[in-house]
Amino acid sequence: MGRVIRGQRKGAGGIFKSHVFHRKGAAKLRAIDYAEKNGYVKGIVKEIIHDPGRGAPLARVQFRHAYKFGKVEENFIAVEGLHTGQFVYCGKKAQLSIGNVLPVGQMPEGTIICNVEAKFGDRGCLARCSGDYATIISHNPEEGKTRVKLPSGSKKIIPSTSRAVVGVVAGGGRIEKPILKAGAAYHKYKAKRHSWPRVRGVTMNPVDHPHGGGNHQHIGMPATKSRHAPAGQKVGLIAARRTGRLRGAAATAALAAKEREKSKN
């Protein structure tokens, strides 16, 4: 029996826990309330801040408390064009302008959106990375559903009552700058989690990894592995639907997707 491999150690936490001490808080939309369902609420962007470990900047938006005297601050994911002092409107009757939060059913087809709710009231979980956006494709008023195209290119059907922010997430083009040196990668992952540097399995000894050992660096077995394999064996291409080079129609589709990405950036 071999050693407990890296994939198993990650499940227990320990040194693999995410580094959250300096982070500014969860980036979410407002909790849904009567005002947003039937009208709108007005907030003001107090500041735009960097959140360690996140590519996109955050916007601190201040609202009046809905039911008592006082102010409430929310952390929104900043969109391109948002600035301090700007008024942000959230609700069913808000205008369609950059930074505002509306139900997707209230927006026309072709609208560029981000921080989209997959389920009504989940406060945003799709298209949140820097430079990302989703596009509204079509509405189905009879079923109360809306079809959106996600940054991956896949299409998803969500409830028309789900909210989204109008615009593109700020901080785009981040991955176009090359990392160039190990020190830059070190500081990047220092703010995120313990996932760098990553040692390949074939460089290890047989006791440390299923791909380890042998007189040349080679896997020595199929790289594909069952979804139901024991944890100590679960390395390589897990539950792969297909492997190998993309050929034919699949290759053409992949090339077209890459071209679209280039033109988008």
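Scanning the chain for chymotrypsin sites (Phe, Trp or Tyr not before Pro) that sit in a DSSP loop and have at most 10 other Cβ atoms within 10 Å, the longest stretch containing none of them is 70-265. With 31 Å as the limit on Cα-Cα distance, the pairs of Lys155/Lys177; Lys68/Lys93; Lys92/Lys258; Lys46/Lys192; Lys68/Lys119 that go past it are Lys92/Lys258. Within the chain, the proportion of C-alpha pairs whose separation exceeds 27 Å stands at 55%. Where both partners of a DSSP beta bridge lie in the chain, what percent of those bridges are antiparallel, to the nearest 5? The answer is about 90 percent antiparallel. The relative contact order of the range 1-120 comes to 22 percent, based on Cα pairs under 8 Å that sit 6 or more residues apart.
The packing ranking of peptides 222-233, 172-183, highest mean first, is 222-233, 172-183, where packing means the average number of other beta carbon atoms within 10 angstrom of each residue. Volume of the convex hull of the range 82-216 (Cα atoms only), normalised per residue: 188 Å³. Does anyone have the angle between helix 249-264 and the longest principal axis of the chain? Alpha-carbon axes, 0 to 90°, nearest 10? Orientation of helix 249-264: about 50 degrees from the principal axis. Across the chain, the mean sequence separation of Cα contacts (distance under 8 Å, 6 or more residues apart), normalised by length, yields a relative contact order of 17 percent. Averaged over its residues, the chain has an accessible area of 63 Å² per residue, based on protein heavy atoms and a 1.4 Å probe. Here the chain exposes an accessible surface that is 54 percent carbon and sulfur, computed with a 1.4 Å probe and the other protein chains kept in place.
Paramagnetic label reach from Lys37 (point 7 Å along Cα→Cβ; backbone nitrogen cut-off under 11 Å): within the range 99-114, no residues. Contact order, relative form, for the range 132-256: 10 percent (alpha carbon pairs under 8 Å, 6 or more residues apart, mean separation divided by residue count). Suppose each label sits 7 Å from its Cα in the direction of the beta carbon; what would the Lys71-Glu109 distance come out to in nanometres? A separation of 4.3 nm, rounded to one decimal place. Of all aspartates and glutamates in the structure, the ones whose alpha carbon falls short of 18 Å from that of Lys17, not counting any fewer than 8 places away in one chain, are Asp51.
The values are calculated or read from the model by the stated rules, or taken from the named source; none is laboratory data. No experiment lies behind these values; they were computed from the predicted model shown. For neighbour counting, all protein chains shown are included, and Cβ atoms are generated from backbone atoms with ideal geometry for every residue, glycine included. We work out accessible area using only protein heavy atoms, side chains counted, and drop any ligands, DNA or RNA first. Shrake-Rupley method; radii C 1.70, N 1.55, O 1.52, S 1.80 Å.
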